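Heads up: the structure comes next, in structure tokens.
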Amino acid sequence: MFAWIPVSIAAASFQTVRFMLQKVLSSVTLSPGGATFARFVYSAPFILAGLVAYLAVSGRSLPELGAKFWMFAAIGGTAQILATVCVVALFKQRNFAVGITFKKTEVIQTAIVGLAVLGDPVSLGGWAAILIGLAAVLVLSKTPDAAGPWWRHLTNRASQLGLGSGVLFAFSAVSYRGASLQLVELEPMFRAGVTLAAVVCLQTLFMAFWLGLREKGEIARVWAARKVAVWVGLTSMGGSFCWFWAFTLQNAAYVKAVGQVELLLSLLASVLFFKEKVTGRELTGMGLLVVSILVLVLAL
């Protein structure tokens with residue numbers, strides 16, 4: 001019944017490592033678009049190889065994928081691309097831990113989008129957690145060196161990128177759950193694998209077309225960065241598979257709420273690996289978000 005909880009925690013752990021690697025790529029060699037493309041192009045071969053191996057061993061064949069499946073997959077894939085670009089760009093504005101915290105507003109927004117699109121209900125305790133999360137966003141919306149009242153800082157670039165990524169990640173999570181629900185006849189792990197393979201192939205094609213059109217030479221730079229970028233692909237595969245698996249088992253908002261453990265992991269990464277300082281205001285904001293996770297989990 002609660003198998004989705006350790007799966008969600010595993011997804012958050014993989015994702016933290018992936019964002020660390022993408023931060024390094026974006027700050028040293030690649031544009032935000034290139035760092036995002038690296039995630040997809042280097043994970044696609046591993047994902048497809050895993051699916052082919054499973055089909056060969058099990059003797060099964062791919063299920064029929066209908067128009068509604070592809071609609072959800074395309075919406076989710078496109079939203080995730082844009083959201084990842086926002087997060088990578090955000091790393092240039094704020095430190096690693098706070099960038100991830102802004103991204104985590106997706107939990108609040110996933111609950112709303114999931115209810116509106118798929119009819120996934122949220123309990124009263126869940127909505128209480130959402131309000132606590134909103135308070136955290138208000139605390140984090142002010143940059144350390146900014147002056148003036150807090151509401152003026154909701155429109156700064158860091159806030160726009162962080163909140164924008166949250167909206168887009170919310171739509172991607174709900175869309176992926178919507179796609180997986182079109183394959184209810186399959187067991188959860190197989191359903192997750194098929195959905196993930198379809199989405200990553202779409203994303204690789206979308207990003208290759210975009211970079212070829214708008215960022216000449218960036219694909220070559222992604223190839224040149226392969227010694228690091230291949231690890232982005234591997235961690236992306238692990239994280240994405242766990243997210244998709246969890247989405248087949250539980251409401252996307254609850255999955256993302258448990259995934260907020262990524263906040264603590266990103267704080268450790270920020271301090272230990274990137275040697276960045278975290279202010280008292282930022283710790284307060286992240287603490288409020290952790291409280292919102294606990295309230296949401298207790299409300300299940």
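Could you please let me know if Glu276 is out of contact with any Lys or Arg (no Cβ under 7 Å at 6 or more places or on another chain), crowded, with 19+ Cβ neighbours inside 10 Å and of a type in the set (Asp, Glu)?
Details: out of contact with any Lys or Arg (no Cβ under 7 Å at 6 or more places or on another chain): yes; crowded, with 19+ Cβ neighbours inside 10 Å: no; of a type in the set (Asp, Glu): yes.
No.
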Read through the list (1) surrounded by fewer than 15 Cβ atoms within 10 Å (Cβ to Cβ); (2) within 22 Å of Trp245 (Cβ to Cβ); (3) at pLDDT below 85; (4) in contact with a helix residue (DSSP H, G or I) (Cβ under 9 Å, 6 or more places away or on another chain), then give the number of the only condition that Arg60 fails.
(3)
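How many residues are open to solvent by less than 70 Å² (accessible area, probe 1.4 Å) and in a helix (DSSP H, G or I) if we restrict to the stretch 196-218?
Looking only at the stretch 196-218, we keep the residues that are open to solvent by less than 70 Å² (accessible area, probe 1.4 Å), and these are 196-204, 207-208, 211-212, 215, 217-218.
Subsequent filtering for residues that are in a helix (DSSP H, G or I) retains 196-204, 207-208, 211-212, 218.
The qualifying residues number 14.
For the stretch 227-243, which positions are of a type in the set (Val, Ile, Thr) and either modelled with pLDDT of 90 or more or out of contact with any Leu (no Cβ under 8 Å at 6 or more places or on another chain) (or both)? Before the answer, list the steps.
Taking the stretch 227-243 first, the residues of a type in the set (Val, Ile, Thr) are 228, 230, 232, 235.
Val230, the sole residue that qualifies.
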Looking at the stretch 291-300 only, could you name the residues that are buried (at least 16 other Cβ atoms within 10 Å of the Cβ) and modelled with pLDDT of 75 or more?
Ser292, Val295
Find all pairs meeting these conditions: Cβ atoms under 6 angstrom apart; at least six residues apart or on different chains; first residue within the stretch 73-89 and of a type outside the set (A, V, I, L, M, F, W, C); second residue part of a helix (DSSP H, G or I).
Gly76/Ser172; Gly76/Ser175; Gly76/Tyr176; Gly77/Val199; Gly77/Leu202; Gly77/Gln203; Gln80/Ser172; Thr84/Thr36
For the stretch 122-144, check the following and say yes or no: at least one residue is within 26 Å of Met71 (Cα to Cα) and modelled with pLDDT under 80.
yes
Does the stretch 244-258 include one or more residues that are of a type outside the set (D, E, K, R), modelled with pLDDT under 90 and surrounded by fewer than 20 Cβ atoms within 10 Å (Cβ to Cβ)?
no
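The values are calculated or read from the model by the stated rules, or taken from the named source; none is laboratory data. Worth saying up front: this structure is predicted, and the values here are computed from it rather than measured. Reconstructed Cβ throughout: ideal geometry from the backbone, glycine too, with neighbour counts over all protein chains shown. Note: accessible area is taken over every heavy atom of the protein model, side chains too, but ligands, DNA and RNA are not part of it. Shrake-Rupley method; radii C 1.70, N 1.55, O 1.52, S 1.80 Å.
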